[in-house]
Structure formats: structure tokens, C-alpha cells
Protein chains: 2
Amino acid sequence: MIKQLTIIGVGLIGGSLARAAKKNNLVQRVVGVDRNIDQLKKAVELGVIDAYETDIANGVKDAEIVVVAVPLGAMESVFAAMKDHLPADAVISDVGSSKRSVVDAAKKAFGQLPPGFVPGHPIAGTEKSGVEASFAELYEQRCVIITPVETSAQWAVEKLQALWSGCGAEVSSMSAEHHDEVLAATSHLPHVLAFALVDTLGQMHESKEIFKYAAGGFRDFTRIASSDPDVWRDICLANGDALLLTLERYKQELDTLAQAIVAKDAKQVETILRRAKQIRDRHVIR
Amino acid sequence: MIKQLTIIGVGLIGGSLARAAKKNNLVQRVVGVDRNIDQLKKAVELGVIDAYETDIANGVKDAEIVVVAVPLGAMESVFAAMKDHLPADAVISDVGSSKRSVVDAAKKAFGQLPPGFVPGHPIAGTEKSGVEASFAELYEQRCVIITPVETSAQWAVEKLQALWSGCGAEVSSMSAEHHDEVLAATSHLPHVLAFALVDTLGQMHESKEIFKYAAGGFRDFTRIASSDPDVWRDICLANGDALLLTLERYKQELDTLAQAIVAKDAKQVETILRRAKQIRDRHVIR
């Protein structure tokens, strides 16, 4: 059993990990650190964490595992603040949606990476944010990708895997580069597309009417556009190169489809739509 | 009470209208016409329709209201087949997602439009298709847009409104042109974007892995890409001009966002994302 799990950033993702670790009896004590003291008090009230610290150094000094669950842009300063206060055998991980940027931030903050440093990313979430939105089942049957670096010790990898598996997740391992390519396609691009669609329609002069006639398909399609803008600004910038590459491919596909529509090429339009439906029906519905 | 409602095309949309009309005691008898006899037999078995005809002329000859619920590309031939067999006081409507094309098809088929002709479009559906997927509550609290033409008689407009209101829908009226602009933005563009995304990812060499790591956000975002490709091919072509105009605006927005990411302009990225979130939270969540 983990003696102390320290969660830095007690929102939807961090709070849900705390809840899951407690629910599954993986941990004796969860300490939360956040710059928002109201979130911390709320988290204690809700039983999400056992205690809180407002100072990162105090929060990590007795930690067996530290998980950093802050927006990507805040990672470096959080790592820097814990640097000289970590136990030598502490596991240090995170939940960031882009992994190369987290490794870079850690290198800048730590200089030499500690052996306990193992980046991670649970592929789970909702469009909500804040500790009130957290729940213990968020990671059940969800994928968690860990991206160990050269310096990551085997014991640290195993402890981190055990934590996520214990929360019901399926853990897999890959390089940070590969993670960032895959996530650009499957998560970052769709978010950008949804944000951009809602914003485009919002700028149109008949926007009020447009949203009035939005049906369930639109609601689902744009659900992710209600996600936290701070988190997603950081993801867009942190994984910008992989995201822009996928966006380029996507725009080519849109052009192909648009040209087929202009040419009234029913067969070509149908080919694309039918292929997409088959792909989705095969892969996505579970 | 309507003596006979004839539904041509007994799938998700037509079948749900039949079910809703029966459930709400709006109709004495529902007759279904479809080129797929298995669908018709299934529809009788399920109690969706009371009887079926495989011949459109026979199906419409005693109808008080005829609703055509076939893909847009089949509208003209369906109208042509009913032309000389309609009672003079029959209401003739449809459920097509594009309205100018339906008016054009009717003009070609009928020559002079009958006074009972009133196009309509229920803004409701699911990504499923077929009569098995139909349900009586599909139109409850959903918008139905009717787009009367100059020749539409008041009695026909009122009968059609009463049918949809009786099924629980909120009926509004606008021009076919305006309908097509609004629907291009709120429905046709999102469908095209979702189909294109799934197809793009499906063509990538690591596609299997990509879909493995797709989370709930991706599933919701792409749900509409499982829609019927025949229906959506026809919509893309029928409302191509309005769709392409909205797509152009959308691509400009994507370019703006991409440029901000390239320039690492955090403030500009955040502005767009935050505005989108505010718009969605204000308009879409109900």
C-alpha cells in the first residue's frame, strides 16, 4: 500500500485519481496541493484528499508517489518547486496530454532527471473541470499511457503501473514522441476542430438561430468545445507540431471532399462517407 | 383525426413519425411504402405501420397526408410516381435535410405544385438507421421546420403543423433558402467534419492504434460519422453551395488558430478557445 500519494492540482483529473486510489485501498493517505485554497478545502470536505498543503515543498517531502495534474504550461514551475524536497525513492509522474513537453519541462527544472520520474497520461476525462466534477470511476477500463524515459528506474515504472492498474485502468507504454503523434490525431485535433466550429458559428450573424436548431448530433460533436480553455491552450502549444501535421492531412481530406461536392461527384462523396462510417463502426463503438 | 397517413420510406425517420402519430392518437391508419419489402414486413410486425404497399400509387391514393422520408436523391422519382394518384386535398410533405432541392424535385415531378405540398424537416435523428431504430419519442421537444412555398394552401400548412405538434415537436416556419443556410452550419458541416476526421485517421498507418486510444470525447465527436452514407451523400450534393460556403469560413477559422499555434501566441489561442467554450455553454447545453 502506498503510504502517501501527493496530487498537485486537485481538479477533475487529479481529484478522480485521488478518489480512485482511496476507493481501491491503494493508499494510506492522499495529500493535495493546489494554488486554489478553496478547491483544496472543498476536496477535503468531499473526502477526495485527506489533507492539503499550499506549499509544494511541504506537499512532496513525505510522498511515495507524486502526480502532477496541472495544465502543461505550469509543469516546469511545479517540478522546480519540488526539486530539492523529494524523497530519493519518490515516484514522480504527471497526467499531461502531451509528453515531450513534460519531459522537456522536467529536464529544465531538475537538470538531471530523478530515477523516479516516469511521465504518464490517462486517456480519460470529461468536458467538466474542478474537483466537484471528479469521480472514482473515471479511469475504470480506460487506457493510461506511460512514457518512461532512459533514466526511469524499473521500480518507479512498476509502482506507477500498479497505481493506475489498481484504479481499474489498462496501462500501456510507449515513447513520448509516439504518444504525442497518436494523441494529436485522436484527441488534440478533434478538440481543435470542435472549438473552431463553435467559434465559427458563434461569429455568424444568425448565430442565435443556428444554435436554436442544433440537434443532438451537434451537441455531441461540440461537447469537447466546453473543455477547459487553459488546459487546451497549453496542449495546443505543447504539442503544436504534431497537431499541425495532423491538421494538414485533415485539411487535405476536407479539400478532397469539397472538390467532390463541387464536381457533384456522388460516387466519390459516397466513397469517403461510407469508408468513414465503416471505420468508425469497426473501431470506435465498443 | 387523420384518416390515412402514408409514409414513403419506412426507416428511422419515417418509422418514428408513424410510431409517434399512432402513439398520440393522431391517425386512424398508417400505410407504409418502401422499396425494401423486408423493412415493410418488419414495420408491420413491430406495429409501426398498419399496412404496406410496395407501389407508391396504391400507397397514396387514399392518403390524407403523405410524408416522403427517402434520401434526397430519390425525392423526384417518388414525387413523380405519386403525381396522378393523389387525392386533390392530400397534404404532401417530406423530411429532407435540404429544402431547396426538395422544392426543385417537386417542381420537376409535378410541373405545377399541388396546393397540399408543404416541405418540412424534423431536426432530430440518431446515427442509426432502419425501422428497427425508430421510436415514438424521437420528435418530442425537437424542432420541426416547415418551409411553405407560394402555392402551399393554408389548410395544408395547418394540417402538417398539427401532425408534428401532435408528435410533441415545436414547429417553426421559414424560407427554404434560410433553412438551407442554417442547416448547413448546424448539421451538414459538422457531419462532413466528422466523416472527414474518421476517414483521415483511418488512412494513417498507425490507425488501429489511434482508435485504440480514442476516449469518450472522440466517440461523441465522431458519433455522427456513423450516419447513413446514402442519406449524407445526397445532403452534401443537395445543399452543396450553402455547405461549401460555411466550410470556407470554417477553414479560415482553422487557419487563424493554426497560425496562432505556429506563432506560439498563447493569448490568441486562448481567446479563441475561451470564446468557443462560452458560446457553447451559453447556447448548446440545455
Look at region A:268-286 and say how many of its residues are more than 7 Å from chain B (Cβ to nearest Cβ) and under 15 Å from B:Asp230 (Cβ atoms). 3
Checked A:Val31, A:Val44 against criteria (β-branched (Val, Ile, Thr), over 30 Å from B:Glu270 (Cβ atoms) and surrounded by fewer than 18 Cβ atoms within 10 Å (Cβ to Cβ)); the one match is A:Val44
Of the residues B:Glu76, B:Glu64, which is buried (at least 17 other Cβ atoms within 10 Å of the Cβ), touching a helix residue (DSSP H, G or I) at 6+ places or on another chain (Cβ under 7 Å) and acidic (Asp, Glu)? B:Glu76
Provide a single number: the residues in region A:1-20 that are under 18 Å from the mean Cα position of the chain (by Cα) and either aliphatic (A, V, I, L, M) or surrounded by fewer than 18 Cβ atoms within 10 Å (Cβ to Cβ) (or both). 8
Only one residue in B:Ala260, B:Ala266 is within 30 Å of A:Gln259 (Cβ to Cβ) and either within 25 Å of the chain's Cα centre (by Cα) or at pLDDT 95 or above (or both). Which one? B:Ala260
Which residues, counting only those in region B:108-132, are under 30 Å from B:Phe221 (Cα atoms) and in a strand (DSSP E or B)? B:Gly120, B:His121, B:Pro122
Restricting the search to region A:107-142, which residues are small (Gly, Ala, Ser) and out of contact with any strand residue (DSSP E or B) (no Cβ under 6 Å at 6 or more places or on another chain)? A:Ala109, A:Gly111, A:Ala124, A:Gly125, A:Ser129, A:Gly130, A:Ala133, A:Ser134, A:Ala136
Here's a check for you: in region A:252-267, which residue that is within 7 Å of another protein chain (Cβ to nearest Cβ) and surrounded by 14 or more Cβ atoms within 10 Å (Cβ to Cβ) is farthest from B:Lys264 (Cα to Cα)? A:Ala266
Please give the number of the condition A:Gly168 fails out of (1) surrounded by fewer than 24 Cβ atoms within 10 Å (Cβ to Cβ); (2) in a helix (DSSP H, G or I); (3) in the same structural domain as A:Phe110 (by TED's automatic domain parsing); (4) not charged (D, E, K, R). (2)
Conditions (1) closer than 30 Å to B:Lys264 by Cβ; (2) touching a residue at least 12 places away in the same chain (Cβ under 8 Å); (3) surrounded by 16 or more Cβ atoms within 10 Å (Cβ to Cβ) -> A:Leu201 fails only (2)
Go through region B:204-238 and give me each residue that's without any contact (Cβ under 8 Å) to a residue 60 or more places away in the chain, surrounded by 24 or more Cβ atoms within 10 Å (Cβ to Cβ) and more than 29 Å from A:Ala124 (Cβ to Cβ). B:Trp232, B:Cys236
Considering every residue within region B:178-187, establish whether at least one is in contact with a strand residue (DSSP E or B) (Cβ under 6 Å, 6 or more places away or on another chain) and within 24 Å of B:Asp94 (Cβ to Cβ). yes
Failed criterion for B:Lys83 (all others in (1) in contact with a Phe, Trp or Tyr (Cβ under 8 Å, 6 or more places away or on another chain); (2) in contact (Cβ under 8 Å) with a residue 40 or more places away in the chain; (3) over 24 Å from B:Ala43 (Cα atoms) hold): (2)
Show me the helices (runs of 4 or more DSSP H) entirely contained within region A:204-247 in which 3 or more residues are of a type in the set (A, V, I, L, M, F, W, C) and at negative phi. A:229-238
Filter result for A:Phe211 (out of contact with any His (no Cβ under 7 Å at 6 or more places or on another chain) and either at pLDDT below 95 or closer than 30 Å to A:Ala106 by Cβ (or both)): no
What number of residues in region A:133-165 are within 14 Å of another protein chain (Cβ to nearest Cβ) and outside any helix (DSSP H, G or I)? 12
Which residues, taken from region A:269-282, are surrounded by 15 or more Cβ atoms within 10 Å (Cβ to Cβ) and without any contact (Cβ under 8 Å) to a residue 12 or more places away in the chain? A:Glu270, A:Thr271, A:Leu273, A:Arg274, A:Arg275, A:Ala276, A:Lys277, A:Gln278, A:Ile279, A:Arg280
Regarding A:Ser187, is this residue surrounded by 24 or more Cβ atoms within 10 Å (Cβ to Cβ) and within 9 Å of chain B (Cβ to nearest Cβ)? yes
All positions within region B:228-238 that are more than 7 Å from every other protein chain (Cβ to nearest Cβ) and under 12 Å from the mean Cα position of the chain (by Cα): B:Asp228, B:Val231, B:Asp234, B:Ile235
Segments classed as strands (runs of 3 or more DSSP E), wholly inside region A:3-84, with at least 3 members that are farther than 22 Å from A:Pro115 by Cα: A:27-33, A:51-53
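The values are calculated or read from the model by the stated rules, or taken from the named source; none is laboratory data. Everything numeric in this text was worked out from a predicted model, so none of it was measured. Virtual Cβ from ideal backbone geometry, glycine too; neighbours counted across all protein chains shown.
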